[in-house]
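What follows is one structure encoded as structure tokens, with my remarks underneath.
The values are calculated or read from the model by the stated rules, or taken from the named source; none is laboratory data. Just so you know, these numbers come straight off a predicted model, no measurement behind them. All Cβ positions, even for glycine, are placed from backbone atoms using ideal geometry, and neighbour counts span all protein chains on display. The accessibility values were calculated without ligands, DNA or RNA, using every heavy atom of the protein model including side chains. Shrake-Rupley method; radii C 1.70, N 1.55, O 1.52, S 1.80 Å.
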Amino acid sequence: MGFESISKPNTQLVALVTQLLTIPETATELKVSHWTVRNLIKDKKLPATKVGNQWRVSVSNLNDYINQS
């Protein structure tokens, strides 16, 4: 088993990861500080997922939050 067993990246996984925003990216979209985004996540007002040791916000959840505000 060598490098020939490595396949192309899973396009569904790549698409999912590109739909997840970091806290700074989310803050930029909302035009608020990263502390505000952290508080929204902590207060469960903005759903987020922990990836490793970092929080990520899906574009879908961000759009839902914007539309209900």
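Filtering the stretch 51-68 to residues that are closer than 17 Å to residue 38 by Cα and either touching a residue at least 60 places away in the same chain (Cβ under 8 Å) or among the hydroxyl-bearing types (Ser, Thr, Tyr) (or both) leaves 58, 65.
For the stretch 19-56, a residue qualifies if it is open to solvent by 100 Å² or more (accessible area, probe 1.4 Å) and closer than 14 Å to residue 69 by Cβ, and the qualifying residues are 29, 31, 45. Restricting the stretch 57-69 to residues that are within 13 Å of the chain's Cα centre (by Cα) and surrounded by 13 or more Cβ atoms within 10 Å (Cβ to Cβ) leaves a set whose member that is nearest to residue 22 (Cα to Cα) is 57.
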